[in-house]
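To start, the structure under review is shown below, and the notes come after it.
The values are calculated or read from the model by the stated rules, or taken from the named source; none is laboratory data. Nothing here was measured: the structure is a model prediction, and the numbers come from that model. Here the Cβ positions follow ideal geometry from the backbone for every residue, glycine too, while neighbour counts run over all protein chains shown. For the accessible areas, the whole protein counts, side chains as well, though only heavy atoms, and no ligand, DNA or RNA atoms are used. Shrake-Rupley method; radii C 1.70, N 1.55, O 1.52, S 1.80 Å.
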Amino acid sequence: MDLTVNLPLGHSRFESNSTSHETEREVTTGVESATPPRDNRAMVFPPHSLGPEQRGRLLDAERKGVPFIAYRDDSGDLRLATLGDADRLTIGRGEHNEIALEWDPEVSRTHAQLELVGGEWTLVDDGLSRNGSFVNGERTAGRRRLADGDVVLVGRTALAFRAPGPVMKTTVSRDPAASVRLTEAQRRVLVALCRPLLAPEGGNAPAGNRAIAAELHLSVDGVKTHVRALFEKLGIEQLPQYHKRVELARRAIDLGLVTQRDLG
């Protein structure tokens, strides 16, 4: 089953073609849930990005107790793909995939697989993809077991894995942003970068280095150093230079690393 709903707010604002050694204390940033999830389980969609109808659809999917994948397409529409009785699905750009991301040029034709092993879902990327697959910001080599709330990044697309029923009942889920560890300085830079996109007036591009430097009273070179470190931590250092900043902001917002609450 694949449900598509229109999102009221604009992650469609993001255009499709568009390390330093830290001595400061590292902090783990939080993430918001799309609906008030059981056991503090987190979703990739912060509350501000979904209207009541969309949150209701996600809640309905959770109540069915069947594992599913939630993600956005290139128009910003939300899709829910129920895993159902399947024990193996493929993810990729080609139409033959059960989860087809045909709009994402950074996804391989057959990119990765979802396999049910011993009652638990796993992500398998054993060299099928060119750009790799990431779970909660960490690159996956081979097979990785998925927990409820994990966020899989393939190309430019974030896929939220939900297993609200018995399949993952005994597994402690983790915050999708918990493994992305930022220093205080990096977090401030990331918030400033995303500010134009989350502001009420809704900008179309993340903040530039000079604007961030002026806001935080840093040098432009200092901002560049932090941004390069953020590229690495969110796994986008290999992307084309012209696309990195937009992708950094998109992933930060999708992962809940930056929310409207941070703008105050």
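Observations on the structure shown:
- Label-to-label distance, S219 versus T110, with points set 7 angstrom from Cα along the beta-carbon direction: 5.2 nm.
- Computed label-point distance, nm, for sites Q238 and W103 using a 7 Å Cα→Cβ extension: 2.4
- Each residue, D73 and E53, gets one label point 7 Å from its Cα in the Cβ direction; the gap between the two is 1.6 nm.
- Full-stretch length increase - T122, N204 - with 0.36 nm per residue and alpha-carbon distance subtracted: 25.9 nm
- Annotation: K244 carries an accessible surface of approximately 20 Å², with a 1.4 Å probe and no ligand, DNA or RNA atoms counted.
- Protection proxy ranking of 119-132, 183-196, 245-258 - average other beta-carbon atoms within 10 Å, highest first: 245-258, 183-196, 119-132
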